[in-house]
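Structure record follows, encoded as structure tokens.
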Amino acid sequence: MTKLHGFFRSGASYRVRVALALKGIDYDGAFYRLRAGEQRAPAYLALNPQGLVPALEIDGVVLTQSLAICEYLDETHDGPKLLPEDAVMRARVRAAAQVIACDTHPIQNLKVLGRIKALGHDENAWAAQVIEEGFDAYDTLIAPYAGQFSFGDTVSLADLCLIPQLVNARRFGVDVQRWPRLLAVEAACLAHPAFIAANPATQPDAE
């Protein structure tokens, strides 16, 4: 049995849903309302001691951290490859993915924004600035590469990180029209069957 523990609006869960769809892996879902703190319940902490989503039960193991999960799926299951064979290009795709997954998304997630607000600052303005800086860097990193997606005409790990972050950007009022290349990549991704299947609005726990 494969089970994805997540939340429909979680960007990290969204990444993994796309990877599962690309690899053609069927799975069951377990859902956690993050604002209600359900991810901090003891039963879930036994799976993921960070108390974050997603976690993936697959092949008899439990995996956490979305990029680690996606790379595991890429290495162990058939289907389109998320990372190129060429070592330099593989590093460049990983770097772009990490701009979002390591340096943008984590410092505007629910836990961090709660702490920003507790310190008396405008958490929405913080999130918007963080996202804008991340998108500026991402846009520059992919500029040398033509094609429908971030690195050519094949969906990569970078795209799995970019598309959920664009969803977050709109939630925080970021003017995404500043990055026409990112919007073109988004349009191509959202027409892809894997992204359609993973769309937050169509998930069973969507509110």
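Each reported figure results from applying straightforward, stated rules to the coordinates on display, with no laboratory input. On a predicted model such as this, the values are computed, not experimentally measured, just so you know. Methodologically, a virtual Cβ is constructed for each residue, glycine included, from the backbone with ideal geometry; neighbour enumeration extends over all protein chains shown.
Annotations
- Straight Cα distances below 25 angstrom link residue 3 to the lysines 23, 81, 111, with same-chain residues fewer than 8 positions distant left out.
- What the phi angles of region 157-166 give under the Karplus curve with 6.51, -1.76 and 1.60, with θ = phi - 60°, is a coupling list of 4, 4, 4, 5, 8, 5, 5, x, 5, 5 Hz, glycine and proline written as x.
- Packing rank of 122-128, 13-19, where each peptide gets the mean count of other beta carbons within 10 Å, highest leading: 13-19, 122-128
- Gain on full stretching of the segment that runs from residue 95 to residue 191 - 0.36 nm per residue minus C-alpha separation: 32.1 nm
- Nonlocal amide H pairs with residue 30, under 5 Å, H built at 1.01 Å: 4, 5, 6
- Peptides 174-181, 69-76 ordered by packing proxy, namely the average of other Cβ atoms within 10 Å per residue, highest first: 69-76, 174-181.
- Here the chain yields Rg over Rh of 0.95, to two decimals, using C-alpha coordinates and the Kirkwood radius.
- Fully extending the segment from residue 148 to residue 133 would add 3.1 nm, taking 0.36 nm per residue of separation and subtracting the current Cα-Cα distance.
- Centre-to-centre separation between the Cα atoms of region 1-49 and those of region 97-161: 20 Å.
- Rounded to 0.05, the FRET efficiency of the residue 115 and residue 3 pair, given R0 = 25 Å and the Cβ-Cβ distance, is 0.25.
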